[in-house]
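Novice: Structure provided below as structure tokens; questions to follow.
Laboratory data are not the source of any read-out in this text; all were calculated from the coordinates shown. Here the structure is a predicted model, which means the values were calculated and not measured. All Cβ positions, glycine included, derive from the backbone under ideal geometry; neighbour counts span all protein chains shown.
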Amino acid sequence: MSHATQFSPDRNGQHALRLAAAGAGQQSLINFVFGGGRPVWPSSDIGLEWLGGDLRCEQWLAGAPVRFGNGDQWHWSRNADLLAVALSAPDQGDPAKTTARFYRELIGTVRSAGYPHLLRIWNYLPDINGGNGDNERYRRFCVGRGQALAEAGLEDARMCAATAIGSQDDHFRLFAVAGRSPGQSVENPRQVSSWEYPNLYGPRSPAFARATAVDLADGRIALLISGTASVVGHATAHPGNVLAQTDEAVSNLAALLAEAASDLDRPGLARFGEEAAARVYVRDPADWPAVYGRLRQHWPSLALAGFHGDICRRNLLMEIEAWHCA
């Protein structure tokens, strides 16, 4: 993949995450703008309240030219190597139906456009913990996603890094980045792979890699890290204790980085560097200052953005996703 990366402060002293083509003009493939407003594509709002931190925008830049297009409920941007897709629709009825439709559209779009390899997906679902038992909305989301993947002939173990977070918004939002070349999945030795979860967590297991590694043209590797919470094996650790869950999530990320460094023979991936950034989701906004302070103890210089978002299990209080390269 002909890409290099840089991470730098913007003109206001706020950090922006950049994925940029090496030695060529740069254009935005997709930008995530935090903190409100109505951004115009390729900038997009994830539909969550920004709580603080030093990351206000992620700019995913690609080599020019970048082309843009849209449909009734979706937008796309693409260059020679990468395709970004955003779908949004009012949340109505059973999440399984909306999710299956969204994933059918996503898979059909990336395949027909010639970018068949999904590299990163974000799902923002209103009221993710609503409903009881197997009717919980997240479990129904997993059913719908699984149905679309099965119809497309995609195995769960071939899925990319992903995040699923509950919003207080009225729209279901899905964002994805796909490529002409595949990434490489990395799993966490401290956690059961998502697709091997027992049916204790629902009739259909989740489907995502713990991280996806992408080769960059300058010889580095970008590591796109899924939402990571206080889960050891497949069980929630430290229910009710947000700071203990924060420490456990940090331990999971440390284990994942070490695994990536070993699997990919890239020692620099073992620790977050200057070009890393993270989104942090907290169930209770009042917990953000304490969570932020604890994360600063672990990672003094990591660029962070905090958001009010519900985690996929009711007993999980926070979750972290990240981006890293070496």
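Novice: Return the sequence-ordered ³J(HN,Hα) values of segment 186-198 in whole Hz as given by the Karplus equation 6.51 cos²θ - 1.76 cosθ + 1.60 applied to θ = phi - 60°, using x for Gly and Pro.
Specialist: After applying 6.51 cos²θ - 1.76 cosθ + 1.60, I find 10, 10, 9, x, 8, 10, 5, 4, 4, 6, 9, 4, x Hz.
Novice: What nm distance separates the two modelled labels at residue 284 and residue 199, each placed 7 Å from Cα along Cα→Cβ?
Specialist: Inter-label distance under the simple model: 3.5 nm.
Novice: Working from the alpha-carbon coordinates of segment 66-126, get Rg over Rh, Rh being the Kirkwood radius.
Specialist: Radius of gyration over Kirkwood radius for segment 66-126 works out to 0.97.
Novice: While we're looking at this one, here's another question. Quick one: length gained pulling residue 151 to residue 258 fully straight, 0.36 nm per residue minus the C-alpha distance?
Specialist: Contour length minus the Cα-Cα distance gives 35.0 nm.
Novice: At a 10 Å Cβ-Cβ cut-off, how would you order 193, 230, 167, 112, fewest neighbours first?
Specialist: Ordered from fewest to most neighbouring Cβ atoms within 10 Å, 193, 230, 167, 112 come out as 112, 193, 167, 230.
Novice: Going by amide H atoms built from the backbone, whose H comes under 5 Å of the H on residue 172, apart from near neighbours?
Specialist: Residues meeting the amide H criterion: 89, 91.
Novice: Can you tell me, using C-alpha contacts under 8 Å and at least 6 residues apart, the relative contact order of the chain as a whole percent?
Specialist: Relative contact order of the chain: 18 percent.
Novice: Given H placed 1.01 Å from N in the peptide plane, which residues other than close sequence neighbours of residue 237 have an amide H under 5 Å from its amide H?
Specialist: Hits under the 5 Å cutoff: 231, 232.
Novice: With +1 on the Cβ of every Lys and Arg and -1 on the Cβ of every Asp and Glu, and nothing else charged, how large is the dipole of the chain about its Cα centre, in debye rounded to the nearest 20?
Specialist: Dipole size: approximately 400 debye.
Novice: When the Cα centres of segment 253-293 and segment 101-169 are compared, how far apart do they sit, in Å?
Specialist: 23
Novice: If you don't mind, another one. For segment 4-325, treating each Cα as an identical point scatterer without solvent, what Debye log10 I(q)/I(0) comes out at q = 0.09, 0.11 1/Å?
Specialist: -0.41, -0.63
Novice: A further question on this structure: Return the Cα extents of segment 97-158 along principal axes one, two and three, sorted largest first, each rounded to a whole Å.
Specialist: The Cα atoms of segment 97-158 stretch 40, 20, 19 Å along their principal axes.
Novice: If you don't mind, another one. Pick out, from 302, 76, 182, the residue whose Cα sits farthest towards the positive end of the charge dipole of the chain, with +1 on the Cβ of Lys and Arg and -1 on the Cβ of Asp and Glu.
Specialist: Farthest towards the positive end: 76.
Novice: Assuming R0 = 30 Å, can you tell me the calculated FRET efficiency for the pair residue 113 and residue 91, based on Cβ-Cβ distance, to the nearest 0.05?
Specialist: About 0.65, to the nearest 0.05.
Novice: Also: According to a simple spin-label model (label point 7 Å from Cα along Cα-to-Cβ), what is the distance in nm between residue 251 and residue 101?
Specialist: Output for this residue pair reads 4.3 nm.
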